[in-house]
């Protein structure tokens, strides 16, 4: 791994300091593209407006569709996705529609089974939803590429509202959207909304804001206009779990949701998930959402039925929420066991591939084994990608006999565009594909995985340079030992960090005083930082370090027997 220090625009850092931002924080924020202190205002008033010249395309039509359905007593069925973003988006839409006047009997939802139905609004899912006798189908976190499904629904006389954030389908290299009654998606053609990084749950929240405005204009609220900020804990959870870029708008949504969690005002299901994960909601951080709550929701879609996750997020009964959260925790433990075994198999496959290539690592990796589990291909692809720093696809056999693959990418390699080029060069190879820059999915025939691996690697060889294939860790330079305090850790924890707005990583020279393994797989360190002796830990790392080393690390606030101290969490090392 190559350690690269971030550039800090000195004038910007100085301007932030003059506006009252702490000097250390000003340097960190300036290095991440924050230009002025106003960008740090996370109040709801600073959210990008839903409508206007830079609003979301299709929002007015969507609001009108939903308002008509509510006022005419029409039945609506939400078509969700089987990941955390889809589950939270479904919960936000169901809760929000009830808040805005829909009767519970008007509302239903359906969520595909990953192994049976596949992704999105397929004709099969339309037929399944039809059993609930809807007049209007509302997709959340899917639908923009569902050309056949939308056409099937419209042919059956249903109205269709698509809310999504993924990229449209490509037909002969041209983006094509389905012929729905309304589409809200910041990434559809000709949408001028500045934040292209909204998660599916964020799009759903914006649709509800527009619906509220439409109903208010129609005089629907005789007394008090309903508040929607009570849904922001769900918006924060789905946004962080979907690993979308945390631009200023997304950071505001997440900050507002975290604030509700810390105040104990989150949905019963969210609070129950904190309990099941043994996390303290009063100290909620983005890390908790991405690595504790999100995986427990996702586990339902991977191994069981995402209905469990949606029910957990929509119930108002704390006891029922706790039962469901406990069940999700059990499923997540099973997921971890399956993932661990499958990861070992995938690494063995990778080692065999490298050996067959005389020790060379291809520029892109595609792996398949008959024993791989379809529900965890995405997680394992991410783990392999992290290990070798190569675009990676992992395939498993689906219930229909075809191979279902999930891919993860590295910076500089747009995964969905790469699949589009593979499809052009190898007609009929991909039964279907979709996704975005860093994650995508593909389906192909059982005998075609080798053909895909060659075509995929060929695109990577053409697009990626040696520098692209070198793993880099961007860090924030040295931190004086006197600054490594609980107060500094709390200052940093007060910000929203995540994808595209990475948490601070510092880099210094250390003298290693002692090293030992804990839990058989974590390296516990005692180190000299300047004149101070400090504790460090390197998770999932077992190799001992030299006596002197350059370490990249995060500050973590550790509490033991009522005392707070700082622990250094190691991310990388160089001799």
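The values are calculated or read from the model by the stated rules, or taken from the named source; none is laboratory data. Since we're looking at a predicted model, the values are computed, not measured. Cβ placement follows ideal geometry from the backbone for every residue including glycine, while neighbour counts extend to all protein chains displayed.
A few points about this structure:
- Residue within region 402-417 that is in contact with a strand residue (DSSP E or B) (Cβ under 7 Å, 6 or more places away or on another chain), part of a helix (DSSP H, G or I), more than 18 Å from residue 500 (Cα to Cα) and at pLDDT below 95 present: yes
- Some residue of region 526-534 being closer than 30 Å to residue 249 by Cβ and at pLDDT 95 or above: no
- Single condition residue 374 does not satisfy, out of (1) within 18 Å of residue 115 (Cβ to Cβ); (2) in contact with a helix residue (DSSP H, G or I) (Cβ under 8 Å, 6 or more places away or on another chain); (3) modelled with pLDDT under 95: (2)
- For residue 505: the one exception among (1) at pLDDT 95 or above; (2) over 25 Å from the mean Cα position of the chain (by Cα): (2)
- Test result for residue 265, farther than 30 Å from residue 65 by Cα and either in a loop (DSSP other than H, G, I, E, B) or in contact with a helix residue (DSSP H, G or I) (Cβ under 7 Å, 6 or more places away or on another chain) (or both): yes
- When the residues of region 475-513 are filtered to those that are surrounded by fewer than 18 Cβ atoms within 10 Å (Cβ to Cβ) and either free of Cβ contacts under 8 Å to residues at least 40 places away in the same chain or outside the structural domain of residue 531 (by TED's automatic domain parsing) (or both), the one that is farthest from residue 409 (Cα to Cα) is 513.
- Hits in region 20-37 (condition: touching a helix residue (DSSP H, G or I) at 6+ places or on another chain (Cβ under 8 Å), in a loop (DSSP other than H, G, I, E, B) and either surrounded by fewer than 18 Cβ atoms within 10 Å (Cβ to Cβ) or without any contact (Cβ under 8 Å) to a residue 12 or more places away in the chain (or both)): 20, 22, 35, 36
- Which listed residue, of 220, 199, 182, is crowded, with 18+ Cβ neighbours inside 10 Å and either farther than 24 Å from residue 496 by Cα or in contact with a strand residue (DSSP E or B) (Cβ under 6 Å, 6 or more places away or on another chain) (or both): 182
- Among the residues of region 305-348, those that are out of contact with any helix residue (DSSP H, G or I) (no Cβ under 8 Å at 6 or more places or on another chain), part of a helix (DSSP H, G or I) and under 29 Å from residue 392 (Cα atoms) comprise 330, 333, 336, 337, 340, 341, 344, 345, 348.
- Hits in region 170-200 (condition: touching a helix residue (DSSP H, G or I) at 6+ places or on another chain (Cβ under 7 Å) and more than 24 Å from residue 433 (Cβ to Cβ)): 181, 182, 195
- Residue match in region 535-552 (condition: crowded, with 19+ Cβ neighbours inside 10 Å and in contact (Cβ under 8 Å) with a residue 60 or more places away in the chain): yes
- For residue 442, the conditions (1) over 26 Å from the mean Cα position of the chain (by Cα); (2) outside any loop (DSSP other than H, G, I, E, B); (3) in contact (Cβ under 8 Å) with a residue 40 or more places away in the chain are fulfilled apart from (1).
- Scanning region 164-182 for residues that are within 21 Å of the chain's Cα centre (by Cα) and part of a strand (DSSP E or B) yields one hit, 169.
- Residue under evaluation residue 204, criteria (1) in contact with a strand residue (DSSP E or B) (Cβ under 6 Å, 6 or more places away or on another chain); (2) under 21 Å from residue 415 (Cα atoms); (3) at pLDDT 95 or above, criterion not met: (2)
Here is a yes/no grid of residues against (1) under 19 Å from residue 47 (Cβ atoms); (2) crowded, with 19+ Cβ neighbours inside 10 Å:
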| site | (1), (2) |
| --- | --- |
| 259 | yes, no |
| 264 | no, no |
| 273 | no, yes |
| 283 | no, no |
| 286 | yes, yes |
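- Just one of the listed residues (40, 66, 16) is touching a residue at least 24 places away in the same chain (Cβ under 8 Å) and crowded, with 18+ Cβ neighbours inside 10 Å, namely 66.
- Just so you know, in region 296-310 the residues that are surrounded by 21 or more Cβ atoms within 10 Å (Cβ to Cβ) and in contact (Cβ under 8 Å) with a residue 40 or more places away in the chain include one that is farthest from residue 266 (Cα to Cα), and it is 302.
- Within region 225-252, the set of residues being over 20 Å from the mean Cα position of the chain (by Cα) and either over 25 Å from residue 52 (Cα atoms) or in a helix (DSSP H, G or I) (or both) comprises 229, 230.
- Residue check, residue 175 modelled with pLDDT under 95 and over 30 Å from residue 266 (Cα atoms): yes
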